[in-house]
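Some notes on the structure that comes next.
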Amino acid sequence: MELSLSHSSLGISAVNPHCKASSCQPKAIPSKLNGKLLDLSFKCFKNGVSVGLYSQSSCSKHVPTRQFKRNSIWACSQVGAAGSDPMLNKISTFKDACWRFLRPHTIRGTALGSVALVARALIENSNLIKWSLLLKAFSGLIALICGNGYIVGINQIYDIGIDKVNKPYLPIAAGDLSVQSAWLLVIFFAVTGLLIVGYNFGPFITSLYSLGLFLGTIYSVPPFRMKRFPIAAFLIIAMVRGFLLNFGVYYATRAALGLPFQWSAPVAFITTFVTLFALVIAITKDLPDVEGDRKFQISTLATKLGVRNIAFLGSGLLLVNYIAAVLAAIYLPQAFRRGLMIPAHIFLALCLIFQAWVLEQANYTKEAISGFYRFIWNLFYADWSQDNGAKT
């Protein structure tokens, strides 16, 4: 396939012995083709060199091979995009907006936590495992994701103005998802989640699930809008993401196995550990949003006490969590794997100290604060991934 230049357009012609002239018409590339590719073509014609779109020529000495291939692929993608179906483009755009609307980082935390607790309950009672439980566990995970989607979605609907300042990439604030579509999504999530839980897990778990939806609602929706009050706000987040999630999932799993609820040392520790971790997330989540919160007069601990103080508070609480994990492994060797739990939490604590130092050195810029908050979530995932070192 060779490039040819004219005064008005840049065309592609294919030399293929199996191609008939009537069916192989050259396709025009829009005049907005990458400037680097156009410069490359002029240089090659100047030197009397024919440029192959998918092969390297002697002209490649003027342009790095990797850059040349990237520009070539870009050109081909433009040809494909020019002839693509507008309806498919709309569907693809809507799917992307819905995914961002769900806040994927919160889904990962919900999924990891629920899977870890279900696995723990099943391993503790491996003789009661049935294949039929797999479908029930999967439906429970879908219900949790629906509940998560409702809570983060209703928050975005009522925070459009704030998000345009703090999180302009979110789909409603960016104009990629209409408010009407967002309402349809959150109603769908709430109804679907309640139906799944009510049909599969009985009245007690359904009441816990409804409580989580209620707390998520009053957190964002006027006239309650509890996010305006720092203490109430982070207590709600810690309750929903910490205690209700862990207690509810473990209770539901034991009920599915035909067992009464019973605390064990590992599960009690995990629930306490994650509840405190969720409290830290609730405290630090407002760090990147100080500018918008101040503009819209949203009172948070970060706006009241300052970014630096809240960063130190969150780091200090997490360090307490990690010290407690190490002490639990030392004093309860029958319940925890010392060889995993102690070194893992010491390492994570050192990483946290280093990131707090990096944030201090960066003088608490918005980019550094956002990076620090993302790191807190990565610590959360890391703790769930190694299941806190509890023995089975």
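Where a number appears in this text, it was derived from the coordinates with a stated rule and is not lab data. It should be emphasised that the depicted structure is a prediction, and the values quoted were computed from it without experimental measurement. A quick note on method: Cβ atoms are made from the backbone with ideal geometry, for glycine too, and the neighbour counts reach across all protein chains shown.
What dipole magnitude, in Debye to the nearest 20, does the stretch 246-354 give about its Cα centre under +1 on Lys/Arg Cβ and -1 on Asp/Glu Cβ?
Computed about the Cα centre, the dipole is about 140 debye.
Within a 10 angstrom radius of the beta carbon, how do S132, S178, S299, S220 rank from fewest other beta carbons to most?
So the residues, fewest neighbours to most, are S132, S178, S299, S220.
Taking H placed 1.01 Å from N in the peptide plane, check which residues at least 5 places from F336 or on another chain put their amide H under 5 Å from its amide H.
K391
So if we plug the beta-carbon distance of V179 and Y331 into 1/(1 + (r/R0)^6) with R0 = 45 Å, what FRET efficiency do we get, rounded to 0.05?
Once the sixth-power term is evaluated, E becomes 0.25.
Using the number of other C-beta atoms within 10 angstrom as an exposure proxy, rank V179, V197 with the fewest first.
Lowest to highest Cβ neighbour count: V179, V197.
Exposure proxy check: C146, C351, C98 ranked by fewest other beta carbons within 10 Å?
Ordered from fewest to most neighbouring Cβ atoms within 10 Å, C146, C351, C98 come out as C351, C98, C146.
Quick check: the distance between the Cα centres of the stretch 313-336 and the stretch 173-207, to the nearest angstrom?
One Cα centre to the other: 36 Å.
May I ask which of K295/K366; K95/K304; K90/K366; K95/K227 have a Cα-Cα span longer than 27 Å here?
In this structure, K95/K304; K90/K366; K95/K227 exceed 27 Å between Cα atoms.
Skipping prolines and chain starts, which residues have an amide H placed within reach, meaning under 5 Å, of the one on V221, given they are 5 or more residues away or on another chain?
Under 5 Å from the amide H of V221: M226.
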